[in-house]
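The structure appears below as structure tokens.
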Amino acid sequence: MACKLAPDATGAFDFTAGVGASATIFVESTPAGVKMSAADVAGTDCPVGADGKIKTPALTAGLSVLSITTSVVQHGDQVRVKEDCGDGTSHLLKTFVFDGEILKRYQINVF
């Protein structure tokens with residue numbers, strides 16, 4: 001199973017995806033300790049599983065916004081947003097340094 005999200009080469013959006021795609025997203029941090037506490041895509045809640053991952057609903061054509069709420073132990077922690085590709089691999093989607101803002105939003109161009 002291949003990953004469903006790709007960086008947007010144009011830079012207009014954060015990611016691109018095909019219509020009907022569904023992605024499994026999780027977060028990691030350095031030092032360890034980040035947790036995803038909530039997430040939604042286009043206003044649809046994505047429950048956080050016991051493994052700390054979310055599965056997006058099937059994406060529909062147009063713009064979808066992925067919102068992730070994280071809890072991080074300290075300012076300055078490096079957080080990585082990743083996609084579980086379903087075959088034992090994952091790929092890095094975004095990296096940010098925690099600055100006190102727990103909510104991050106990412107635009108997905110679905111076509």
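Derivation of every value follows stated rules applied to the coordinates shown; laboratory data play no part. Treat the numbers as computed from the prediction; the structure is a model and nothing was measured. Neighbour counts run over all protein chains shown; Cβ positions are idealised from the backbone, glycine included.
Some observations on this one:
- For residue 36, the shell of other residues with beta-carbons less than 15 Å away shows a net charge of 0, using +1 for Lys and Arg and -1 for Asp and Glu.
- Net charge contributed by nearby residues that have their C-beta within less than 13 Å of residue 78 (K/R +1, D/E -1): 0
- For residue 8, the residues whose amide H sits under 5 Å from its own are 15, 16, ignoring neighbours fewer than 5 places away on the same chain, with H placed 1.01 Å from N.
- Placing pseudo-labels 7 Å out from each Cα toward the beta carbon at residue 105 and residue 58 gives an inter-label distance of 2.7 nm.
- Debye log10 I(q)/I(0) for the chain, one point scatterer per Cα, at q = 0.20 Å⁻¹: -1.08
- Qualifying GluC sites (Glu not before Pro) in segment 11-111, where qualification requires a DSSP coil assignment and no more than 14 other C-beta atoms within 10 Å, comprise 101.
- Backbone N within segment 44-62 under 15 Å of label point (7 Å from residue 6 Cα along the Cβ vector): none
- A cut-off under 14 angstrom between Cβ atoms defines the neighbours of residue 4, and their net charge, with Lys, Arg +1 and Asp, Glu -1, is -2.
- Per-residue 3J(HN,Hα) values for segment 84-101, derived from phi via the Karplus relation 6.51 cos²θ - 1.76 cosθ + 1.60 with θ = phi - 60°, read 7, 7, x, 10, x, 10, 9, 9, 6, 9, 8, 10, 8, 9, 5, 10, x, 8 Hz in sequence order (x marks Gly and Pro).
- Here the Karplus curve 6.51 cos²θ - 1.76 cosθ + 1.60, taken at θ = phi - 60°, turns the phi angles of segment 39-51 into couplings of 7, 8, 10, 6, x, 9, 4, 10, x, 7, x, 4, 7 Hz, with x standing for Gly and Pro.
- Cysteines without a disulfide-compatible neighbour (Cβ-Cβ under 4.7 Å), the chain: 46
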